[in-house]
């Protein structure tokens with residue numbers, strides 16, 4: 001009897017169950033409901049998810065805000081017959097109590113080797129060995145990026161420790177490998193090097209998938225986090241895949257035990273099937289509530305504030321940024337504020353709805369107010385200009401590093417309340433050529449109050465300077481709620497214009 005294993009693998013679904021992106025009501029080829037009809041389950045098949053299920057979509061936001069509705073994500077995973085999941089960094093955004101309630105509703109087993117109980121150091125979600133009907137023994141180790149420790153609010157993870165994922169995977173593999181026919185690492189993290197060329201893409205430890213392939217001998221590495229579609233291929237003896245986010249794609253892996261080892265292949269599946277009618281009917285009342293909630297009117301603007309292309313917005317500013325910044329300044333009463341937008345932030349129609357707000361600012365971030373010096377302000381503005389690069393004609397383009405391996409427009413910041421000029425032809429550290437506040441030059445020793453997201457304040461995105469700044473006030477309200485309050489507070493709102501900067505390239 002042949003020993004074969006089939007795996008269906010999703011990751012970074014972010015609560016996208018229905019075929020909509022919630023920015024509008026058009027049906028699209030995305031969402032888990034359009035994927036799972038393709039899953040053919042039997043005793044030699046495993047269905048696995050790589051984490052980031054609880055946060056990211058309007059549906060997920062609604063479910064957290066209305067906890068009595070339960071977890072439709074668990075309903076869908078249970079109906080599809082998922083066997084195993086690991087945790088993503090966003091799965092703890094609402095705290096571990098919410099996470100545990102979700103896992104309680106889930107039939108699948110959670111595997112996350114590097115999540116430890118803070119009281120006794122025990123593994124909360126240890127690795128496992130699954131024996132298939134055909135007798136094949138499959139060892140599966142789950143791990144998640146330990147950058148949760150950098151990004152997450154302390155109170156959300158106060159009962160757990162997130163240990164080094166590499167060391168956790170290494171130790172678990174040593175224990176499992178002699179007992180199994182197939183070893184799988186389920187890693188919510190991505191690749192720090194290009195999988196084709198080996199070129200270094202990131203020098204942090206946020207993503208260590210390449211290192212896992214180089215130094216450990218898992219047969220299969222199922223990755224996520226980067227929202228980057230990586231087709232099935234072998235890397236240093238380990239077979240790797242990474243599906244797209246929002247359940248745009250999934251992978252179907254076929255593994256067979258042969259005389260000299262394993263043969264492994266993978267096909268990309270797409271969200272193009274008709275959802276199961278019974279499951280759709282079960283979930284539709286909740287989805288209808290979400291859509292009605294999104295269509296609630298929040299406020300009215302004198303003119304619409306809609307997004308343009310990312311390069312234009314980054315170079316010239318945008319009323320979308322001005323509106324978010326105005327809300328942050330009012331709520332914080334800080335002198336300056338920093339605004340970061342999502343990869344897709346469509347902006348605000350003249351009649352602003354909840355849909356506009358959630359689509360434009362989909363994060364769970366809170367606002368932190370820091371004390372920052374003039375010297376530190378120059379550092380972060382200079383660092384921010386890494387977003388740009390120059391092509392062969394010295395024209396300003398978005399740096400490829402922000403487009404691959406993961407699209408990261410959200411790591412470009414807009415600074416409101418300060419005037420500055422940047423010359424991209426100057427060396428790093430000297431690119432800020434002018435900096436003033438209220439028409440007065442900023443000295444290195446000057447001090448300012450600065451409001452920004454807790455994610456950026458933690459150093460997220462490669463801004464360690466903020467970690468050196470004293471915290472003056474910690475937010476207790478999410479930025480989305482501040483934005484809603486700001487919009488409700490005024491009729492026919494005129495958006496202030498506080499962006500004042502210039503990006504140039506004076507190369508000779």
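Rule-based calculations on the coordinates, nothing more; no lab input. Every value quoted in this text rests on a predicted model; they were computed, and no experiment measured them. Using ideal geometry, Cβ is built from the backbone for each residue, glycine included, and neighbour counts are taken over all protein chains shown.
Observations, loosely collected:
- Volume per residue of the C-alpha convex hull in region 297-504, rounded to whole Å³: 114 Å³
- Stretch gain in nm, segment residue 344-residue 119, where the contour uses 0.36 nm per residue and the Cα spacing is subtracted: 77.0 nm
- Average projected area [Cα convex hull, region 348-392], square nanometres: 6.3 nm²
- Relative contact order, percent, region 290-406 [alpha-carbon distance under 8 Å, six or more residues apart]: 26 percent
- Theoretical gain in end-to-end length, residue 229 to residue 129 [0.36 nm per residue, Cα-Cα removed]: 33.2 nm
- Overall form of region 84-153 per C-alpha gyration tensor (a/c, 1.5; a/b vs b/c): prolate
- Inter-site label distance for residue 395 and residue 215 at 7 Å from Cα along Cβ, in nm: 4.3 nm
- Residue 273 versus residue 296: modelled label distance in nm, points set 7 Å from Cα along the beta carbon direction: 3.5 nm
- Taken along its principal axes, the alpha carbon cloud of region 4-290 reaches lengths of 53, 41, 37 Å, longest axis first.
- On Cα atoms only, tilt of 374-384 relative to the major axis of the chain in degrees: 50 degrees
- Spin-label model distance (nm) - residue 446 vs residue 500, 7 Å beyond Cα toward Cβ: 1.0 nm
- Fraction of the pair-distance distribution of region 286-392 above 24 Å, Cα-Cα pairs, percent: 35 percent
- Tilt relative to the chain, helix 165-176 - C-alpha long axis, 0 to 90 degrees, to 10: 0 degrees
- Rounded tilt (10° steps) of 277-294 against the dominant C-alpha axis of the chain: 10 degrees
- Rg over Rh [alpha-carbon atoms, Kirkwood Rh] for region 31-119: 0.97
- Counting only Cα atoms, the size of region 390-506 along its three principal axes is 48, 39, 36 Å, in decreasing order.
- For region 435-508 and region 1-80, distance of Cα centres in Å: 36 Å
- Going from the fewest other Cβ atoms within 10 Å to the most, the residues 110, 425, 63, 35 appear in the order 425, 110, 63, 35.
- Maximal additional length on extending the residue 481-residue 259 stretch stands at 73.9 nm, based on 0.36 nm per residue less the C-alpha distance.
- Note on region 297-504: antiparallel DSSP beta bridges, both residues inside, total approximately 80 percent of the bridges counted.
- Enclosed volume per residue, in Å³, of the convex hull spanned by Cα atoms of the chain: 153 Å³
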